[in-house]
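Read-outs throughout are calculated quantities, based only on the coordinates presented, and are distinct from any laboratory measurement. Everything numeric in this text was worked out from a predicted model, so none of it was measured. Here the Cβ positions follow ideal geometry from the backbone for every residue, glycine too, while neighbour counts run over all protein chains shown.
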Amino acid sequence: MTTTSSASGSTPPAGRSRPFFWEEAADDWRSAYEEGRRPEFSEYVARSLRALREGVGREAGTVPAMRSVHRVSLRDDGADRLPDRYVAEHCTLTLFGLHQHTASEPVHRPGVGLGTACLLLRRSEALTEAAVERRLIAAATAQDLHELVQHLQRLVPLLQQAGVGLDYTRLFREMTAWHGPDRDRVLRAWGLQYTDPGTPAPAEGQADEETDGHERAPYWVTFEPGSPDAGAELAALRSGTGREPGTVASMWPFHRTRMASEWRNKGSLTRDLAAEHTALTLFARHQQTHDRRMHVTANSPGTAVGLLARKAATDSEGKAATAALERRFGHLLTSADADELAMHLRSFTPLLNRAGVGLDYDLLRTALRTWDDPRRPHAVDRFRQRWDRDFHTTVTASS
């Protein structure tokens, strides 16, 4: 099994008097190695690992041999229901037991989240990219903790075979949060870790044209309308409409956002991620039913709505339709923030789709992430002026 450097991670945080068992097991092995002895687990750890495997598929608190390895205490308060933390620890222990089984080195690796582990599994080529994504997405869309554990029970042996470890302390916390308000952050962290492009994040305030050029092209640039998977991909992206960015597992394979590693691990919701999420969902709704790409470079929203207005001018309603579009476009230009801008863009998307008018989604993403950015106070004025000029230039241009 391949060794990766990591901190011990065995020092318990405030409020916990003893490290978790998986932390103790890693320290047990490491102590033997550092003392020059044959690196192996002690009899206590080996015996406890056997007890953990006995608990696979069994209800928390019903396996006597596991009681000594629990660190979450049970209070004798007469409650019928076990605490969520105790159940989460039971699940984490059994997964750790499966993962550590037959592995010669510790599989608890501080700092390696589930998304990162799946990324390493994909890079190991032990499974195809599609197979890894299916397993990660299945885990992320689990309806409850029991279903999540079932998916992870099938995943961790694959991690073990590929020599990929996992931060079990982090996994325990994520399982504890699975039914609470922090679940979105857990999901976003998994997705961001898995889609890590392996390139540095832009410095704060760095303009797009200043980046190093290694960023993967966004999905709307590489989209192939005639590909066999095009319909399914667009449907996956449309499922993210109105949902919190980064939490829609079916969208993860299409994200390209760069971000510092510590932000990924925290599941941070950044302007870049929110802008890409919105642009992806808009593009998916715009692209459907078309056999040519609806991402058209240099077609700003002003140009696109101007083309709609020109088309409307030839219809029976004529000037009234053009005036209505101009009013709606004026509301878009006066959007107070990126959320309002996204709302108005969503209202135009069906019109652009029906008319077959394209839009520059690179430009759109940049606008969405800088529209109300206090670090770039003049960006919104530049967009408003350019788009307004594009609109009137397009409307008045001769056919």
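Key figures for this structure:
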| read-out | value |
| --- | --- |
| The chain, dipole about Cα centre (Lys/Arg Cβ +1, Asp/Glu Cβ -1), debye to the nearest 20 | 480 debye |
| Highest-MSF residue in the chain out of SER73, SER104, SER335 [GNM, Cα springs under 10 Å] | SER73 |
| Under DSSP loop assignment and at most 12 Cβ neighbours within 10 Å, longest trypsin sites (Lys or Arg not before Pro)-free interval of the chain | 82-291 |
| Whole-Å distance, taken between Cα centres, linking the range 166-189 and the range 78-148 | 11 Å |
| Span-like helix ranges in the chain, DSSP H, alpha carbon extent 20 angstrom or more, Kyte mean at least 0.0 | 145-161, 319-333 |
| Cα gyration tensor, the range 21-180 - rounded (a/c under 1.5), prolate or oblate | oblate |
| Helix-derived mean residue ellipticity, 222 nm - over the chain, DSSP H n ≥ 4, -39500 (n - 2.57), to 500 | -17000 deg cm²/dmol |
| Column: log10 I(q)/I(0), Debye, Cα scatterers of the chain, q = 0.06, 0.14 Å⁻¹ | -0.33, -1.16 |
